[in-house]
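To start, the structure under review is shown below, and the notes come after it.
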Amino acid sequence: MSETTKAALVTGGSRGIGAAVARKLAATGLHVLLTYVSKPEKAQAVCDEIAAAGGWATALPLDVGDPAAVGAFFAQHVKDKVDLHVLVNNAGVTKDGLIVRMRDEDFESVVRVNLFGAFACLREAAKIMMKRRSGRIVNIVSVVAQSGNAGQANYVASKAGLIGLTKSAALELAPRGVTVNAVAPGFIETDMTAVLTDAVKTSYADRIPLKRAGTADEVADAVAYLASDAAAYVTGQVLAVNGGMYL
């Protein structure tokens, strides 16, 4: 790598939406740094797939919920190493449960990864991008951040907070040529939804005007747009990719 290499950092890039985003951005010519917390073999498999298609990707371990680790990661792998052109805050966790039964640690841990982790990465990326007066930051939120969802108070709060962070960061970074947007997926076919029964999947599809689940590639297309020059005049926005869900 060199400082002149245009790069994209995709957190949580070893599977699902993150892997699809990594593949899509690599196809545009960016060197993709994708992070993972566990199962390095899955992250490496994504890198191998990208390499086979003629792209360039590197898998690196990172717990975004650890601010010291985030700072060390940027110092070791990003700052003065690559030209960070794109940050995609995709890493996230769930610990579902009803509010009255939710433990403090279940609420705190989800917010720590999903919201504070995104903030920590955004803060480090902003320092680099503002200095270079260019960059694209895309935060992956969720349709439930705008609608609410029973049994996911912690996850919804973290994603709703991330929408607020997106808008505030957009205002702060715009004068330096850096855009900040969010993509809000709806019901998407991923490893997380694959465990649902056919009956549950059908019930979700019935509530979606397009009558089907979305794909990770469709979410990645939206991210790629916001990360591209075509979206140079778009900032502070939430792009819904949900088939019309909750219209």
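The values are calculated or read from the model by the stated rules, or taken from the named source; none is laboratory data. These numbers were taken from a predicted model, which means no experiment stands behind them. Note that we place each Cβ from the backbone using ideal geometry, even for glycine, and neighbour counts take in every protein chain shown.
Only residues that are among the basic types (Lys, Arg) and either within 19 Å of Gly117 (Cα to Cα) or in contact with a helix residue (DSSP H, G or I) (Cβ under 6 Å, 6 or more places away or on another chain) (or both) were counted in the stretch 24-52, giving 1.
Among the residues of the stretch 113-144, what is the count of those that are more than 14 Å from Pro185 (Cβ to Cβ) and in a helix (DSSP H, G or I)? Explain how you work it out, then say what you get.
Of the residues in the stretch 113-144, the ones more than 14 Å from Pro185 (Cβ to Cβ) are 113, 115-137.
If we keep only those that are in a helix (DSSP H, G or I) too, we end up with 113, 115-132.
Matching residues across the stretch 113-144 total 19.
With respect to the conditions (1) among the polar types (S, T, N, Q); (2) under 20 Å from Val10 (Cα atoms); (3) modelled with pLDDT of 95 or more, Thr190 lacks only one, and its number is (3). Note on the stretch 145-162: among residues that are in a helix (DSSP H, G or I) and small (Gly, Ala, Ser), the one that is farthest from Val238 (Cα to Cα) is Ala153. With respect to (1) of a type in the set (S, T, N, Q); (2) touching a strand residue (DSSP E or B) at 6+ places or on another chain (Cβ under 8 Å); (3) within 15 Å of Thr94 (Cα to Cα), the lone exception for Gln152 is condition (2).
Restricting to the stretch 8-29, name every residue that is under 18 Å from Lys81 (Cα atoms) and surrounded by 24 or more Cβ atoms within 10 Å (Cβ to Cβ).
First, pick out the residues of the stretch 8-29 that are under 18 Å from Lys81 (Cα atoms): 8-11, 26, 29.
Across the stretch 8-29, the qualifying residues are Ala8, Leu9, Val10, Thr11, Ala26.
Is at least one residue of the stretch 30-39 touching a Ser or Thr at 6+ places or on another chain (Cβ under 7 Å), surrounded by fewer than 24 Cβ atoms within 10 Å (Cβ to Cβ), not hydroxyl-bearing (Ser, Thr, Tyr) and not in a helix (DSSP H, G or I)? Yes, the conditions are met somewhere in the stretch 30-39.
Somewhere in the stretch 183-199, is a residue assigned to a helix (DSSP H, G or I), in contact (Cβ under 8 Å) with a residue 24 or more places away in the chain and surrounded by 14 or more Cβ atoms within 10 Å (Cβ to Cβ)?
Here is the first cut: in the stretch 183-199, the residues assigned to a helix (DSSP H, G or I) are 191-194, 198-199.
Within this subset, residues satisfying the condition of being in contact (Cβ under 8 Å) with a residue 24 or more places away in the chain are 191-192.
Retained after the next criterion (residues that are surrounded by 14 or more Cβ atoms within 10 Å (Cβ to Cβ)): none.
No: zero hits.
Of the residues making up the stretch 57-82, just one is surrounded by fewer than 16 Cβ atoms within 10 Å (Cβ to Cβ) and assigned to a strand (DSSP E or B), namely Pro61. Got at least one residue in the stretch 85-99 being part of a helix (DSSP H, G or I), closer than 22 Å to Val219 by Cα and more than 14 Å from the chain's Cα centre (by Cα)? Among the residues of the stretch 85-99, not one is part of a helix (DSSP H, G or I), closer than 22 Å to Val219 by Cα and more than 14 Å from the chain's Cα centre (by Cα), which makes the answer no. Applying the condition of being closer than 23 Å to Ser14 by Cα and surrounded by fewer than 15 Cβ atoms within 10 Å (Cβ to Cβ) to the stretch 95-140 and asking which residue is modelled with the lowest pLDDT yields Asp96.
Residues checked against (1) of a type in the set (A, V, I, L, M); (2) closer than 15 Å to Val144 by Cβ; (3) in contact with a strand residue (DSSP E or B) (Cβ under 7 Å, 6 or more places away or on another chain):
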{"residue": "Ala184", "(1), (2), (3)": "yes, yes, yes"}
{"residue": "Val195", "(1), (2), (3)": "yes, no, no"}
{"residue": "Ser203", "(1), (2), (3)": "no, no, no"}
{"residue": "Arg207", "(1), (2), (3)": "no, yes, no"}
{"residue": "Leu210", "(1), (2), (3)": "yes, no, no"}
{"residue": "Thr215", "(1), (2), (3)": "no, no, yes"}
{"residue": "Ala222", "(1), (2), (3)": "yes, no, yes"}
{"residue": "Ser228", "(1), (2), (3)": "no, no, no"}
{"residue": "Val238", "(1), (2), (3)": "yes, yes, yes"}
